[in-house]
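The values are calculated or read from the model by the stated rules, or taken from the named source; none is laboratory data. In this text the structure is predicted, and so the values were computed from the model without any measurement. Backbone-built Cβ (ideal geometry, glycine too); neighbour counts: all protein chains shown.
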Amino acid sequence: MRDPRLDEYARLLVERSVAVQPGWQVSVRSTPLARPLIEAVIEQIALAGAYPLLQLSFELIGGPFARVAPPELLREPSPLVRRTWDEVDAFVTIWAPENTREGSDLSDERRAAIEQSLAPRRDRQMALSVPWVVAEYPVPAAAQDAGMSVAEYEEFIFGSVLLDWDAEADRMRRIADVFDSAEEVRVVGPGTDLALSVAGRSGAVDDGHLNMPGGEVFYAPIEDSAQGVVEFSEFPAVHFGREIAGIRLVFDGGRIVDASARSGEEHLLRALDTDDGARRLGELGIGCNPGIRRYMKNVAFDEKIDGTVHLAVGNSYAFTGGTNRSSIHWDIVKDLRTGGRLYADGRVVQEDGRWLPLHP
Amino acid sequence: MSRAPAPVRLLRVAGDARVQQYARLLVERSLGVQPRWQVVVGAGVEARPLVEEVERQIARAGAWPILQLVFGSAGGAWAREAPAELIAEPPPIAATIQSTGDAFLAIVAPTNTREASDLDPARRGALQAAGTRLRDRLTAMTVPWVVCQWPTHALAQDAGMTLAQFEEFLFGACLLDWDAEAERMRRIADVLDDAAEVRIVAGGTDLTLSLKGRTCAIDDAHINMPGGEVFCSPVEDATEGVVHFAEFPAMHFGQQVEGIRLRFAGGRVVDASADVNEDVLISALDTDDGARVLGELGIGCNPGITRHLRNTLFDEKIAGTVHLALGASYTVTGGVNESVIHWDIVKDLRRGGELYVNGRPAQRDGEWLATAVHA
C-alpha cells in the first residue's frame, strides 16, 4: 500500500503545479529512488489523459557519460534530447539523489559543458514558456544532509509540501505588494548592508507551481543596482555538490567586485568567472514557507525558510523582468532571523525574520 | 512511508571485468556504435552496473546514449491507468525516438517476470501497437539493435538458479568467441538456405514448412545477446502438419502456456490447444490476421545453453532445439508476414527429434549429422 500522502503530493504536482491537460507530453525526470512518487505521478498523468515521458537516470547530475564523453559532445544535447526539451508540454523533476555530492568529481570544464548543454531547457523554463516544477522526495541522502532520520525527514517534507496553497498565495501576494510599490530594497545584518533596486520589477510568488515545496516571493533586481556588502555567515552554500562556507560578496554598480569565502573560495571564484553574467544578481528571493524552519543544506528548502532571503548570482528569470544572462543560477541563502532587517524604500518591513504589520 | 524505496542492488559488480567485456561486445560488436550516433538504451533500473558501463563505452565512442530506464518490464502504472486509446499511440516524442534513433539496445532486467500478467489483452495489444514504428525498423534490420539481459533475482528464480549461478550461466552464454560461432552457424545456414522442405518430426509432431527462395540469417551476437541461432522466414502459406510443444512451457507476457499443440494447413494455424492457459494462446492467435502464420523458424546453436530456463532469449538458443514464432517475420530473411506479435515457442529435439531437409535427415536427437552439416 502506498502512503496516501504520496497520492496527495502527486495530485498537487500534476493538477496544481503544472496543470496537465489531455494529450500533453509531460517529462518526468527523477532517479529510481523516487519510485513510489514517480508511479503516483504517472497514474495522475494517465488519469488526466496525458503522456508521461519518464526520464530516469541514476545520477541527476553527472554519471558515466558526463565523466567520460568528449567535452565537445557534452556541450551539445543530442538532437533527440533537444527535441524533447523543445516539445514537451510540462516538466516535472523529482529530486531524489542517492548522494548529494554527485557531480562534485566533474572538472570545471565538464561542468561548464554540461551547463551549456542544458541551456535550451533552462531558457525555456526560465522564460516560463512551459509549466515546470521541481519537487523534493525524501531520500536518505537528503535526510543525512539535513541531519535527520528518514522518518523525520519524510514528516518534514510532507509538512512543507501539503499546505493550503491558495492561502499561502494570498499571504505571499501581500508581501510582494510591499516590494512591488518600492524602488529600493535594503538587506541589513551582521557584516551585511546591501542595497538593490527593484524599481519597475514585479515580484513573482511561488505558490506551489515552480518548486514543491513552494513558498517564496522573488524578484529580478535591476542588473546594475546592487551596492554594498553581503555576508552569508549563517549557512554554507552548496554548488555542484561542494560546500562553500562564509561567502562574502562586495557589489559595486551591480557587479561583484570582491569575493571571498572561509572555505571553498577557489570554487566560488571559478563559479563567478563562468561567464560575464555570473557576477551579477539574477534573483532576490524571500523565504515564506511556514513549514520550513531549519537549514538543511538543500537549497530547494533552505531558500524557502521563513525569515531568510536568498540572492542568486547569474541568470535571471525573464518573466520577472530580469535581463541578466548566464549559464549559472546559484541561490545562496542568508538568514535574517537573528539581527537581520529588510527595508523597502527606507522603511523597515521585516525585523529578525518577522514581518512588521504590512498594511499599517 | 509504508512502501520502501526501490530495491537497490548492494552488490555492485561494475568493476567486474566480465561486465566491461559484456558492454564492449554490445556497443562494439552488436551495435557497432559510430561517433555522433544517438544510441537508445532501454533498461530496467536493476541493470545499473551494465547500463553505466554501456554509457561509458558509448561516450568513449563519441556517441550519445539516450537512456530510457524503466522500473518493471512491460506494464507498470501507465499501462494499468491510461486510457487504452492513449496507450496504443506513442506520444510524438517517443515516436520520434523510435523512428530516428541510430541504434537500439534493450537490457531486460525484470524484478518480477510476471509483472505484465494482470494486463488485460486489450491493453497488452495496445502496448504492442505503440511500438509499431520501432518494431518495423527492427524486423527490417534497417537499424542496428540488440536485446540482452542482466542477471536479476527474478530471472534466476525462473531459471531455478541462485543469482550467482545465473550470472555464471549468462556470462558463459554471452562471452563467447563470436567469430568462431559465426562460422559454425554459417555452415548450418548453408544447409537450410532455399530448402524446398524442412520437416520436423518428434513425438506428436510432424510439421513441414518451406524455405524456398528464402535465405537464412545467423545471429552471431548482433541482434540478441547471447546470439547463437540460425533463423529464417518460412514461406507464409506452405506450413502443413502438427507441432506439439510438449517439452517446455511457452512464456507470453509473463504467463506460462503449457502443452501447446498447433495444427497448420496452408500456412495458417487452423487448430490450437494447450494444457494450461489455453485462453492466453487463443487470444494471442486472435491478435490480428498475421498472428496465425509462422514468422520464423529458428535453430538453437549456442553451446553455452543446455537447460530450459523459461526465458525465451536463452531457451531459443539451446543447441538441439528449434523454435517457431507466431506473427511478424523478418524481412531481412525474405519474410512478408505482418503482425504486432512475434512469439517464439521452443521445441526440444534432443530426445527422439529429427530434422529433415529436402527429405534427407540433417539432425537426430539434437545432433547434426556429419552427412548433412560439417559443424
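Every listed requirement among (1) more than 7 Å from chain A (Cβ to nearest Cβ); (2) within 22 Å of A:Glu59 (Cβ to Cβ); (3) under 21 Å from the mean Cα position of the chain (by Cα) is met by B:Phe71 save one, (1). How do the strands (runs of 3 or more DSSP E) wholly within the range B:225-299 filter down when requiring 1 or more residues that are in contact with a Cys (Cβ under 7 Å, 6 or more places away or on another chain) and over 16 Å from B:Asn337 (Cα atoms): which remain? Of the strands (runs of 3 or more DSSP E) lying wholly inside the range B:225-299, those with at least 1 residues that are in contact with a Cys (Cβ under 7 Å, 6 or more places away or on another chain) and over 16 Å from B:Asn337 (Cα atoms) span B:229-232.
Is the range B:172-187 home to any residue that is assigned to a helix (DSSP H, G or I), within 30 Å of B:Leu369 (Cβ to Cβ) and in contact with a Leu (Cβ under 8 Å, 6 or more places away or on another chain)? Yes: the range B:172-187 contains one or more residues that are assigned to a helix (DSSP H, G or I), within 30 Å of B:Leu369 (Cβ to Cβ) and in contact with a Leu (Cβ under 8 Å, 6 or more places away or on another chain). The sole residue among A:Val250, A:Val299 that is surrounded by 15 or more Cβ atoms within 10 Å (Cβ to Cβ), modelled with pLDDT of 95 or more and either charged (D, E, K, R) or closer than 16 Å to A:Gly314 by Cα (or both) is A:Val250.
Filter the range A:59-84 for residues that are more than 10 Å from chain B (Cβ to nearest Cβ) and either outside any helix (DSSP H, G or I) or out of contact with any Asp or Glu (no Cβ under 9 Å at 6 or more places or on another chain) (or both); which is farthest from A:Arg242 (Cα to Cα)? Ranking the qualifying residues of the range A:59-84, first place goes to A:Arg75.
Among the residues of the range A:47-68, at least one is acidic (Asp, Glu), touching a residue at least 24 places away in the same chain (Cβ under 8 Å) and closer than 30 Å to B:Ile87 by Cα. If you go through the range A:137-157 and keep only what is touching a Phe, Trp or Tyr at 6+ places or on another chain (Cβ under 7 Å), touching a residue at least 24 places away in the same chain (Cβ under 8 Å) and within 14 Å of chain B (Cβ to nearest Cβ), you end up with A:Tyr137, A:Ala142.
Tell me yes or no: at least one residue of the range A:18-36 is within 24 Å of the chain's Cα centre (by Cα) and surrounded by fewer than 17 Cβ atoms within 10 Å (Cβ to Cβ). Taking every residue of the range A:18-36 in turn, at least one turns out to be within 24 Å of the chain's Cα centre (by Cα) and surrounded by fewer than 17 Cβ atoms within 10 Å (Cβ to Cβ). Against the list (1) touching a residue at least 60 places away in the same chain (Cβ under 8 Å); (2) closer than 17 Å to A:Ile328 by Cα; (3) of a type outside the set (A, V, I, L, M), the condition A:Arg280 fails is (1). For the subset of the range B:29-50 comprising residues that are of a type in the set (A, V, I, L, M, F, W, C) and at the interface with another protein chain (Cβ under 10 Å from one of its Cβ atoms), which member is farthest from B:Gln98 (Cα to Cα)? Across the range B:29-50, the extreme among qualifying residues is B:Val45. For the range A:65-79, the count of residues that are over 30 Å from B:Arg60 (Cα atoms) and surrounded by 19 or more Cβ atoms within 10 Å (Cβ to Cβ) is zero. Taken together, B:Ala116, B:Ala103, B:Ala63 contain a single residue that is of a type in the set (A, V, I, L, M, F, W, C), under 25 Å from A:Ala48 (Cβ atoms), crowded, with 21+ Cβ neighbours inside 10 Å and in contact with a strand residue (DSSP E or B) (Cβ under 9 Å, 6 or more places away or on another chain), which is B:Ala116. The C-beta contact set for the range A:85-96 (first residue within 10 Å of chain B (Cβ to nearest Cβ) and closer than 12 Å to A:Ser57 by Cβ, second residue crowded, with 20+ Cβ neighbours inside 10 Å and of a type in the set (S, T, N, Q), distance under 6 angstrom, 6+ apart or interchain) comprises A:Ala96/A:Ser30; A:Ala96/A:Thr31. Taking A:Gly340, is it surrounded by fewer than 19 Cβ atoms within 10 Å (Cβ to Cβ) and in contact (Cβ under 8 Å) with a residue 40 or more places away in the chain? Criteria not met by A:Gly340. Filtering the range B:325-371 to residues that are aliphatic (A, V, I, L, M), crowded, with 20+ Cβ neighbours inside 10 Å and farther than 26 Å from B:Ala130 by Cβ leaves B:Val346, B:Leu349, B:Leu355, B:Ala362. Taking the range A:225-284 and the strands (runs of 3 or more DSSP E) fully enclosed by it, the elements with 1 or more residues that are hydroxyl-bearing (Ser, Thr, Tyr) are at A:255-260. Take the residues of the range A:37-64 that are more than 21 Å from the chain's Cα centre (by Cα) and among the small types (Gly, Ala, Ser): which is surrounded by the fewest Cβ atoms within 10 Å (Cβ to Cβ)? Looking at the filtered set, the residue picked out is A:Gly49. Taken over the range A:176-203, residues that are within 20 Å of the chain's Cα centre (by Cα), among the hydrophobic types (A, V, I, L, M, F, W, C) and surrounded by fewer than 21 Cβ atoms within 10 Å (Cβ to Cβ) amount to 1. When restricted to residues that are free of Cβ contacts under 8 Å to residues at least 60 places away in the same chain, more than 8 Å from chain B (Cβ to nearest Cβ) and in a helix (DSSP H, G or I), the range A:1-37 contains 5.
Of all residues in the range B:125-156, those satisfying the criterion of being in a helix (DSSP H, G or I), free of Cβ contacts under 8 Å to residues at least 40 places away in the same chain and either polar (S, T, N, Q) or surrounded by fewer than 21 Cβ atoms within 10 Å (Cβ to Cβ) (or both) are B:Asp136, B:Arg137, B:Ala156.
Rundown of residues vs (1) among the hydrophobic types (A, V, I, L, M, F, W, C); (2) in contact with a strand residue (DSSP E or B) (Cβ under 6 Å, 6 or more places away or on another chain), yes/no style:
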| residue | (1), (2) |
| --- | --- |
| B:Ala196 | yes, no |
| B:Gly227 | no, yes |
| B:Cys232 | yes, yes |
| B:His244 | no, yes |
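Kindly indicate whether A:Asp273 is within 25 Å of A:Ala318 (Cβ to Cβ) and free of Cβ contacts under 8 Å to residues at least 24 places away in the same chain. Taking the combined requirement at face value, the residue satisfies it. The requirement of being modelled with pLDDT under 95 and within 8 Å of chain A (Cβ to nearest Cβ) is not satisfied by B:Glu53. Scanning the range A:15-43 for residues that are of a type in the set (D, E, K, R) and closer than 22 Å to A:Ser57 by Cα gives A:Arg29, A:Arg35, A:Glu39, A:Glu43. When B:Asp194 is tested against (1) part of a loop (DSSP other than H, G, I, E, B); (2) among the acidic types (Asp, Glu); (3) modelled with pLDDT under 90, exactly one condition is not met: (3).
Every test in (1) surrounded by 21 or more Cβ atoms within 10 Å (Cβ to Cβ); (2) touching a Pro at 6+ places or on another chain (Cβ under 9 Å) is passed by B:Glu258 save one, and that test is (1).
Here A:Gly49 meets the list (1) assigned to a helix (DSSP H, G or I); (2) at the interface with chain B (Cβ under 7 Å from one of its Cβ atoms) almost entirely, failing just condition (1).
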